[in-house]
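What follows is a single structure, written as structure tokens, with notes after it.
None of the figures in this text is laboratory data; all of them are computed from the coordinates on show. Values in this document were obtained by computation on a predicted structure and should not be read as measured data. For neighbour counting, all protein chains shown are included, and Cβ atoms are generated from backbone atoms with ideal geometry for every residue, glycine included.
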Amino acid sequence: MQTLATIVAFGLFTAALLSVGSVGFTLQFGVTNVMNLAFGGLMTSAIFVLYLVTSWGVPLWPGIALCALWGSVISVLLSTVIINPYVRRGTSLFGMAMVTIAIALIVQYTLEAIQGPTIMSFPTQSSRELHFAGVTMSLQQVATIVLAAVLLVIVHAVLRYTRLGLAMRATAADAALTRACGASTRGIRTIAWALSGALCGTCGALLGISQGAFNSATGNLFFIVIVSAAIIGGIGQPYGAMVGALIIGLVTETSANFISPAYKEVVAFGVLVVVLLVRPQGLIPEYASSRELTQ
């Protein structure tokens, strides 16, 4: 029972990190139809921002809020200055993916030029430990789970119970029809970029705290697992991303407990392959969101 409790507890922690990132990534893709593969680079930049502001004396949690703001602003600038001009020229989905990969590489190597070859780390801080059901977790880990849960509830409330959420779901389902009904799809897409960026910045900050040490590739490496969670749940489906993150979190922590932590990423991709063999469209298909619009 103690082993099971440990797997569930740390599986939820991993799922919390993954869900914040995967929901941000897939939400923006669902609304804008742009595969933002620079997401991981923006996460890394948020880690650098957190490192800087905390070294200047800003407390940790206000620093995370600043990372969310940073991610939101940078994402909107990215979409306005670079992405939208390509979209207006009719660049294909594959072409946009190549553009965002180029942006990710530019961000990564710019940060590497600033950082140098060394691995940077956050100052060691003593964190109170919490004990329950034979499991020991730090207060920061529990706070990460709680913060992720709060953010996901907020995303759910916005998507389900607000006019903005209805407009975002409508734009994801049929942008032309939404525009014909008088909604500003350009403004809705800008808001989607902003929300995605805020979740990206938050995920990067939480990732930096959880790992303690980081370099210019940290966000890009974790982004691979984020994409896996998004694809498992159904690309473009925020609720599917939550489910995919939970599955990967629990399965990888189970493999870490019984096999080796070194194989966590391998197991995550194994789960992805199995799910795609059974349900190529993901666990929550696209038509589920369209059906919600009529309810």
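Any idea how far apart S210 and T162 come out in nm if each label point goes 7 Å out from Cα toward Cβ?
Using points 7 Å along Cα→Cβ, the separation is 2.5 nm.
Classify region 32-169 as rounded, prolate or oblate, taking a ≥ b ≥ c as the square roots of the eigenvalues of its Cα gyration tensor: rounded when a/c is under 1.5, otherwise prolate if a/b is larger than b/c and oblate if not.
oblate
Please say if region 1-107 is rounded, prolate or oblate, where rounded means a/c under 1.5 for a ≥ b ≥ c the square roots of the C-alpha gyration tensor eigenvalues, and otherwise the choice is prolate for a/b larger than b/c and oblate otherwise?
Details: a/c = 2.82, a/b = 1.46, b/c = 1.93.
Oblate, because a/c is 1.5 or more while a/b does not exceed b/c.
Over its Cα atoms, what ratio of radius of gyration to 2.2 N^0.38 Å does the chain give? Don't skip to the answer; put the middle values down first.
Working: Rg = 18.9 Å, N = 295, 2.2 N^0.38 = 19.1 Å.
Normalised by 2.2 N^0.38 Å, the Cα Rg of the chain equals 0.99.
If you stretched the chain out fully between L277 and T110, how much longer would it get, using 0.36 nm times the residue separation minus the C-alpha to C-alpha distance?
Numbers: separation 167, 0.36 × 167 = 60.12 nm, distance 3.86 nm.
Stretched fully, the L277-T110 segment lengthens by 56.3 nm.
As an exercise, use a Förster radius of 35 Å and the Cβ-Cβ distance of A217 and R128 to find the FRET efficiency, rounded to the nearest 0.05.
Values: r = 32 Å, r/R0 = 0.90.
That pair, A217 with R128, gives E of 0.65.
Which whole-number percent gives the relative contact order of the chain, counting Cα pairs below 8 Å spaced six or more residues apart?
37
Using the eigenvalues of the Cα gyration tensor, what equivalent ellipsoid semi-axes result for region 191-245 when each is taken as the square root of five times the eigenvalue, whole Å, largest first? Walk me through the numbers on the way to the answer.
Working: eigenvalues 87, 40, 17 Å².
Calculated on Cα positions only, the semi-axes equal 21, 14, 9 Å.
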